[in-house]
Amino acid sequence: DDRELIESNDGAFKYHLDRYKYPTRYDICDAREHREAGLQILQSLEMRLRNHPQLCGDHRTMADIAVMPFVRQFAHTDRAWFAQQNVPELQKWLGGHKDSELFKRIMLKHKPWQENDDITLFPEA
């Protein structure tokens, strides 16, 4: 595993992700500038994934699980733009995690609740 990678994701990458995804929340913020800074960080992940299918080797670790949701948010902010970037291993890695049974179990889609709907109870995991 790689604690430094997780900390970088939670620090520098999250900083740029927030300003790219929600530029109106920040004063004098250029979303494209933050998108490019985020992409540079993602290119370092691309380099890791050229040697192994996961960020820290051959098997999914806490680093993959901690980083993936943020990469997913970044990719989904402008899917067409992200699809055109030269990060094929990262895109493959992200797709694999999104298609995984683990992700499917935790990211269940629910109909948004509206007034007068029956109470929705969520089963315990």
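The values are calculated or read from the model by the stated rules, or taken from the named source; none is laboratory data. Just so it is clear, the model here is predicted, and its values are computed rather than measured. When we count neighbours, we look across all protein chains shown, and the Cβ atoms used for this are built from the backbone with ideal geometry, even at glycine. Ligands, DNA and RNA are stripped out before the accessible areas are found, and what is left, the full protein with its side chains, is counted by its heavy atoms. Shrake-Rupley method; radii C 1.70, N 1.55, O 1.52, S 1.80 Å.
Assorted remarks:
- For the chain, built as a Gaussian network whose Cα springs stay under 10 Å, the top-fluctuating residue of Asp64, Asp18, Asp99: Asp99
- Surface share of carbon and sulfur [accessible, 1.4 angstrom probe, percent] for segment 1-79: 46
- Calculated from backbone phi, Karplus (6.51, -1.76, 1.60) coupling profile of segment 42-54 in Hz, x at Gly/Pro: 5, 5, 5, 5, 4, 4, 4, 6, 6, 9, 8, x, 10
- Test item: Cα-centred dipole of segment 35-125, Lys/Arg +1 and Asp/Glu -1 on Cβ, debye: 280
- Long-range amide H partners of Asp2 with built H, under 5 Å: Ala63
- Most to least packed among 53-60, 89-96, 20-27 [average Cβ atoms within 10 Å]: 89-96, 53-60, 20-27
- Value of relative contact order over segment 10-125, rounded to a whole percent, pairs C-alpha under 8 Å and six or more apart: 19
- The chain: radius of gyration and largest Cα-Cα distance (Dmax), Å: 16.6, 53
- Karplus-based coupling profile of segment 93-100, in residue order and whole Hz: 4, 5, x, x, 6, 5, 8, 6, with θ = phi - 60° in 6.51 cos²θ - 1.76 cosθ + 1.60 and x standing for Gly or Pro.
- Backbone phi angles across segment 13-26, fed through the Karplus curve with coefficients 6.51, -1.76 and 1.60 (θ = phi - 60°), yield HN-Hα couplings of 5, 4, 4, 6, 4, 4, 6, 6, 6, 10, x, 6, 7, 10 Hz in residue order; Gly and Pro are listed as x.
- Highest-MSF residue in the chain out of Gln85, Gln114, Gln73 [GNM, Cα springs under 10 Å]: Gln114
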